[in-house]
Structures are given as C-alpha cells and as structure tokens.
Amino acid sequence: MRNLKISAILMLLLIAETVQSQNTGEGGIVSADNAKIEALIKNMTVDEKAGQLTLFMSGWDVTGPTLSTNYQKLIKEGKVGGLFNAYTVDYVREFQRMAVEESRLKIPMIFGYDVIHGHRTIFPIPLGQSCSWNLAAIEQSERIAAQEATAEGLNWTFSPMVDVARDPRWGRVAEGSGEDTWLGSKIAAARVRGFQGTDLKSNNTMMACAKHFAAYGAAQGGRDYHTVDVSELSLYEWYLPPYKACLDAGAGSIMTSFNEIAGVPSTANKWLMTDLLRNDWGFNGFVVTDYTSINEMVNHGNAENNKDAARLAINAGVDMDMMGSTYLDYLPELIKEKKVSMDAVDNAVRWVLKAKMKLGLFDDPYRYCNKSRQENEVMTPDQLAFARKLVAESCVLLKNPGQILPIPETVKTIAIIGPLGDSKKDMLGNWSAAGKWEQCVTLLEGVKSRAGSRVELLYEKGCNTNDGDKRGFEAALKLAQKADFIILALGENGWMSGEAASRSTIDLPGVQNDLAEAMAKTGKPVAVVLFNGRPLTISRLSSLNVAILETWFGGTQAGNGIADLLFGDKNPSGKLTMTFPRNEGQIPIFYNAKNTGRPYNPADSGAKYVSRYLDCSNDPLYPFGYGLSYTTFTYANLETRVDGDKINVTVQVSNTGNRDGEEVVQLYIRDKVGSVTRPVKELKGFQKVNIKKGETKSIAFSLTTADLAFYHPDLKKYWEPGEFTAFAGTNSAETISATFKVN
Ligand code: GLC
C-alpha cells in the first residue's frame, strides 16, 4: 500500500511538472530531460558540440548557392546536428541510422525542409492563402502539410515566413501574408498551430521555424538580400509583431535573416538575437541561420573572414549554422583562443538538444520513419478536396464588368488562350517542396473536367510569358473567332517570384498585354485568369472591358479550384492582402500610410502644395482588402458604443445581389491625434460571413483600449485617450464610418 502511495505521488509530481513545463513554454521538457541533456553536454567533445550546431543539406533539393560535401562521414562522426532537404522514409532512416548507430554519442538528427505551402499536396502560395482571410483554413493547410511531411521523415519546417512586405518588386512577397502587421500576425500564429498541433512529440506534427528574423521584407528597392534600414519605432510597430506572434504560438525555432538592420547583419545582431529575442521575449526555442548567412557577413563587411563571422554569430546568440560549416570549422579554435566561451557553445547546444527532446527524437529517433504513414497519409482524397476548396477561397475577383463571370450555361465553345493555360510546372509557384508538377491540374484540365462534353474546348498558347514573340497571335485570334467565350490565362512563371526573384517592373511580362488587347477587340466576353506571385501593375489590362480573376499559383488543385469559380459553382470571396499599385512609381504604397502634413484631397484635385504625383493618382489600382463577389453587399448603420475600456462596433451588411455569398467584413480604426502620428486606417478586425441573397446581417466587433495601443519612442506600447474613427467596409477604401471618444 505504501509503495502504491509513493508511486502515485511520484506520478502526480511528474504530471504537475509536465504541465508546468508546458505552461512555461518548455514544450514538454521535464527535469529528467534536462538532466539527460546536461549529462550529454558534459560528455561531448568540443568537436561534437560544434557538430551539433551544424546543419547540412542533402543534395536532393538545392535551395542555396553552395553544396554540402562529405556530410555523411561527418554524420557518422557525430558532427552534424541536422539535415535538410532530405525526405522519404528510407532516405531519412539511413541518415538517422548513421547518426544514432555509428556515432559515439548516438544523438539523433533533426530533419528540416521548406514546407512553405504544402509538402506533396501543394496549396496556393501563402500570399494567395492569406487572401482567403480564413484563419482556420490556413491552419488546416499547415496541419495537412505537417501530416504529409512527417509521413515522409521530416520533423522541422522552415516556415512560416512572416516577413511583412510593402514592396511587390520583392519576389518573396509570394511566401508571406501581405502588407498588414495585424493580419500577418494572426496568420502567423495560425500557421504555427497548424504545424505544431498540440503535441510536438506526436509523429504527425513538426517544429515550425519563424522566418526571416527580422524585417527581411523591408529590403531597399524590393531587391532581395538588400539593405534594411528602418527606424526602431517602425521595427516594433510594423515588422516585429508577426515573429512575436509565432513565438507566442509556441514556435520551436526561428531563422535569422540575410539582411542587416541599421548596419548590423541579423546573424551577428546581439541586440536582436539575445537582448530582444531571449531577454525581452523569453524565447525558449533555438535559432538557426539562413543559408550560409554567417559566411555572408564577410560580404556585408562586418567580419574579416569566416572564423570572425562564426565568433560574431555565436556570441550574438545564434545556435545553429545552416550550410556555413563555420561553427564546425572554427568554434574549437575560437574557444582555445578564448574568443568564444564554452558556456556560449554549451548554451547553443542546449537549445538544439531541447528541440530534439521536444520532438521525441531521443525516445525514438525513427519516430518519423513510418512506411505505412508514407503510403496512406499523403495526397489522400480528403487532402486534395481541401486543397481544391482553398484554391477557390484564395482567388480574388478584381473585375467583372457586365457580370461576364460566371460563364453562362448557354456557352457552347470556350477558347482558352494564353501562356499559362496548360502549364503544370507553373501551378506550383515557388517553394513547392516535394510537390510534383506532373500531379498539378492546369486551368485547361480543370475547365475541361468541369465543362464536360457540353462545351467544346479550344486552346492556343498565343504567346510566351516573357518575350516579344507575337507570331502566335494569329492562331489565337482565329481560335477566338470560333468561340463564344474566351478565357485568357496570363501572368508570371512560377520562378518569377520567390527567393532571388525581384523584378524592377511588375506589369504582365512579355507581350501579354498586347494579346489581351487583341482578344478584347474581338468583342467576345473575355475572362482573364491571372497567375502570379506578387501584386502586378496591371493598369493596361484593367483598362480593358474584361473580367479579371486573380488566382496566384494554386498548387496541385489549381485548375479545379479555379473552374469552380469560373462556372459559378463557388462564389469568389477572396480579398487582397497586398495593395496593387498602378505603376512602380507609386511603390511603396500601402493602405495604412500616414496622412502627412500636406495630404492630397481628391476633391481638391487642383491643389498644388500637397503630397501627390503630377502624373498619377495617389490611389492604388486595387486597394488592400479589395475583392468582388458574384453578388453585391451594402453596409449601413455603423454604430459604436464605448463602455469603459471596451469599444463595441456594429454594422449591418446586406446581400443585395441574386446569389448567396461570403463577405469579409473589415473593421479599421483611425486614431485622430497621437503623440506619434497614426495611420489613416489600421485593420483591427474582420469577420468572414455567409450572407444569403436578400439577407441582412448585423456584424458585431468588440475591441478594447489595448487594440488602440501603439509604440512610442521609448518603445513602450500603450494607447492614448482621444477621438477615434471606426470604419467598416468591403475593403480598405470603401467604408462607412463613425467616430467615438475614449477617455
Ligand atoms: C533559403 C531561404 C530560406 C530557406 C533556406 C533553406 O536561402 O532564404 O527561406 O528556408 O534557404 O532552404
């Protein structure tokens, strides 16, 4: 009886400690784990410690400028902490075997990959998904991605990318959630929850990695890897919150960005990696560099050589070196020369070992090497059906004059014309992980399977995406003459966005605008289906009397999801999360801009001494939050009620069209006077609601004064009493408003 009591007490203590460690964000690490980690560290040689901080790439998928050499030998010597771009059960199992059966201390490796918008089932690019404004769907897409990736041996993803970006020339806007910090933070947390689930030790969850810390999206000129120089106040107000949202959601790792911030590269930035990340934010995961970003500090001019760069990075608080081999090559020497303390190295090793403990890799290094999962949990019908649904929710209807769309039932012949009409490879977009382009459904295939034998389908490429060759126009025009409906498939190739894919001009490339004008001149109904990884300056295209459906790169089920919208089986509900400029001259252009001391008032279009262009409107082509539906919505009776620190806002939204539809009701506020100037609008809430035709819904939002807070020069965040305006509307430019006071 006594023993039973003791074991019960011990069990209760262990449970209490586990719960406590979960609460402290230690992610399931209990004291026994810590004891094991300390014993390991005590037993490790300096070379083994340096190796634990080393991440190499297997040659399966090259995602950077250098290749790994002799990493298999190093794995057997216990000098590699993790491997990336290696997947499938057999491939991972063999490398893990080398680590846990041939090395001295048998420490398991962590296996990472860029699972950015799906693993095998590829979903719309993240910028596209963000336009669904459906946090649950975005979380579910990462849940599925984690399920598939972990079924193929992976347990760590270099995702979510949460860099706020306001410059569409930067190709990596494709990987993010657009220009808004508040929405980007909500989406960031949803993605982390999707990847990590509620138990990182489960074999179908994987560790997230918030990236790229920090402010990588503010690269000057929208040119990838370029300098970032933003004020500290802007850093805190606009760029840092999504990373913090990831960590608050429990992200187990974070990746340093290539860029410098105010003169110091992130990878050597002690203020960023220790003072802010560890001391202020209490981060208890591990920090991995981006691809050779330690070595690149020599190019930055911040380090004399790789050894010096390694010293800077480890002393800044960077734990793991991706592909640089600088820790492996130089930490032992740096310790001998007392330029780096053993404590600093032990600290880094401790964070990496804790991550592996959280993933359950010490309990079972082969936990993610389950053949039957690989055979049964990848690209299942349910996963593909979800992908198709998310494609449709991510698309944004930009124009639909005379209700050209949906395609009328009376249509007998459809001509699909354009360079992206039947391009499997481009449907994946960039960062398509283990996705197979051969498995993608193209627009032509999607329309064919939806239209069936009822419709004759014709197809001509018409032109290439990106050259001056117009010889295909004649055949395209001939085809168009035979059709009673034209679908124009235009846009970018998948490789024109993503990493190292900045563009200085961002209109439709090549002669696609000429093709569009030729098609519009036929007088036939034309629906343009756009495939692109960034906002485009499609002013010429938008001036035509054509419908325009923004579809981004929809991934495996692209063609099917788009066809569901083109034929009206689904009603478009997407809303832009990034502004479309009229031209590059307007960039950077974003909705939450400041009013300036000389604001331009369109009602006074002749005014001279105001903030405006002589040759272009200040307004964007399509604003943040914009997206049409096949029905129409009107807004009325916006009311605010302040009750202490609560601000309740209600608005009535009516479906005034002839079909049911989903509307993203957006709530913005403006703080009219602040000790720090405030934007003309700030998104503070949204609700995606289904409203039946003829129905009116009352939508209620409840804010608190905490939602009105902003950063001050002392970097403290708090709100200031005064007058505010609440805006509700269908996008950031079309709203109704009401003022309220908070004292
Ligand atoms: C790349 C990217 C980063 C990615 C990493 C590994 O250079 O910047 O986002 O996760 O290398 O592929």
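The values are calculated or read from the model by the stated rules, or taken from the named source; none is laboratory data. From a predicted model like this one, the values you see are computed outputs, not experimental measurements. Counting neighbours? That spans all protein chains shown, and the Cβs are built from the backbone with ideal geometry, glycine included. The accessibility values were calculated without ligands, DNA or RNA, using every heavy atom of the protein model including side chains. Shrake-Rupley method; radii C 1.70, N 1.55, O 1.52, S 1.80 Å.
Quick look at the values:
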| read-out | value |
| --- | --- |
| Residue that is among the small types (G, A, S), more than 15 Å from Y635 (Cα to Cα) and either outside the structural domain of E179 (by TED's automatic domain parsing) or open to solvent by less than 60 Å² (accessible area, probe 1.4 Å) (or both), where the choices are S698, S675 | S675 |
| Check on R104, at pLDDT 95 or above and in contact with a helix residue (DSSP H, G or I) (Cβ under 9 Å, 6 or more places away or on another chain) | yes |
| A218 vs. criteria at negative phi, in contact with a Lys or Arg (Cβ under 7 Å, 6 or more places away or on another chain), touching a residue at least 12 places away in the same chain (Cβ under 8 Å) and aliphatic (A, V, I, L, M) | no |
| Single condition R540 does not satisfy, out of (1) assigned to a helix (DSSP H, G or I); (2) basic (K, R); (3) under 25 Å from the mean Cα position of the chain (by Cα) | (3) |
| Any hit, region 487-510, residues being open to solvent by 10 Å² or more (accessible area, probe 1.4 Å) and more than 26 Å from the chain's Cα centre (by Cα) | yes |
| All helices (runs of 4 or more DSSP H) inside region 367-463 with 1 or more residues being polar (S, T, N, Q) | 371-376, 381-394, 443-451 |
| Neighbours by Cβ (under 7 Å, 6+ apart or cross-chain): first from region 465-481, open to solvent by 50 Å² or more (accessible area, probe 1.4 Å); second acidic (D, E) | K470/D514 |
| Residue among R120, R104, R143, R169 that alone is in a helix (DSSP H, G or I), on the phi < 0 side of the Ramachandran plot, away from the ligand (no atom under 16 Å from the Cβ) and more than 14 Å from the chain's Cα centre (by Cα) | R143 |
| Region 47-78, residues that are among the polar types (S, T, N, Q) and outside any loop (DSSP other than H, G, I, E, B) | Q52, T54, Q72 |
| Residue count for region 192-219, restricted to those that are closer than 17 Å to F111 by Cα, outside any strand (DSSP E or B) and within 15 Å of the ligand (Cβ to nearest atom) | 3 |
| Flag for D643 being closer than 27 Å to P406 by Cα and modelled with pLDDT of 95 or more | no |
| Tabulated pairs, region 48-69, first at negative phi, second more than 12 Å from the ligand (Cβ to nearest atom) and aromatic (F, W, Y), C-beta under 6 angstrom, 6+ apart or interchain | A50/Y327; L53/Y327; T54/Y327; F56/Y71 |
| Yes/no for N279 being of a type in the set (S, T, N, Q), open to solvent by less than 10 Å² (accessible area, probe 1.4 Å), free of Cβ contacts under 8 Å to residues at least 60 places away in the same chain and in the same structural domain as V228 (by TED's automatic domain parsing) | no |
| Scope region 707-737; condition open to solvent by less than 40 Å² (accessible area, probe 1.4 Å), touching a Phe, Trp or Tyr at 6+ places or on another chain (Cβ under 9 Å) and either among the hydrophobic types (A, V, I, L, M, F, W, C) or assigned to a strand (DSSP E or B) (or both); matching residues | L708, A709, F710, F724, T725, A726, F727, A728, G729 |
| Within region 182-217, considering residues that are closer than 21 Å to V288 by Cβ and among the basic types (K, R), the one farthest from the chain's Cα centre (by Cα) | K201 |
| Residue selected from region 246-274 under the condition assigned to a loop (DSSP other than H, G, I, E, B) and among the aliphatic types (A, V, I, L, M), by the criterion most open to solvent (accessible area, probe 1.4 Å) | A262 |
| Any hit, region 250-264, residues being within 27 Å of M496 (Cα to Cα), β-branched (V, I, T) and within 14 Å of the ligand (Cβ to nearest atom) | yes |
| Test: residue in region 293-306 that is hydrophobic (A, V, I, L, M, F, W, C), within 16 Å of the ligand (Cβ to nearest atom) and outside any strand (DSSP E or B) | yes |
| From the options M161, M98, residue that is more than 13 Å from the chain's Cα centre (by Cα), among the hydrophobic types (A, V, I, L, M, F, W, C) and either at negative phi or open to solvent by 10 Å² or more (accessible area, probe 1.4 Å) (or both) | M98 |
| Qualifying residue in region 381-397 (condition: open to solvent by 10 Å² or more (accessible area, probe 1.4 Å) and over 21 Å from Q557 (Cα atoms)) | no |
| Single condition S31 does not satisfy, out of (1) away from the ligand (no atom under 14 Å from the Cβ); (2) surrounded by 21 or more Cβ atoms within 10 Å (Cβ to Cβ) | (2) |
| Answer from T274, T292 - the residue that is of a type in the set (S, T, Y), over 26 Å from M357 (Cβ atoms) and at pLDDT 95 or above | T292 |
| Any hit, region 550-565, residues being open to solvent by 40 Å² or more (accessible area, probe 1.4 Å), assigned to a loop (DSSP other than H, G, I, E, B) and in the same structural domain as G429 (by TED's automatic domain parsing) | no |
| Test: residue in region 529-540 that is out of contact with any strand residue (DSSP E or B) (no Cβ under 8 Å at 6 or more places or on another chain), closer than 29 Å to R169 by Cα and crowded, with 18+ Cβ neighbours inside 10 Å | yes |
| Residue match in region 190-213 (condition: touching a Lys or Arg at 6+ places or on another chain (Cβ under 6 Å), in the same structural domain as M322 (by TED's automatic domain parsing), open to solvent by 10 Å² or more (accessible area, probe 1.4 Å) and at pLDDT 95 or above) | yes |
| Hits in region 318-355 (condition: in a loop (DSSP other than H, G, I, E, B), more than 16 Å from the ligand (Cβ to nearest atom) and β-branched (V, I, T)) | V340 |
| Neighbours by Cβ (under 7 Å, 6+ apart or cross-chain): first from region 287-308, farther than 20 Å from A262 by Cβ and open to solvent by less than 10 Å² (accessible area, probe 1.4 Å); second of a type in the set (K, R) and within 13 Å of the ligand (Cβ to nearest atom) | none |
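Residues checked against (1) open to solvent by less than 10 Å² (accessible area, probe 1.4 Å); (2) touching a Pro at 6+ places or on another chain (Cβ under 6 Å); (3) within 14 Å of the ligand (Cβ to nearest atom):
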| site | (1), (2), (3) |
| --- | --- |
| M57 | yes, no, yes |
| G64 | no, no, yes |
| M109 | yes, no, no |
| L135 | no, no, no |
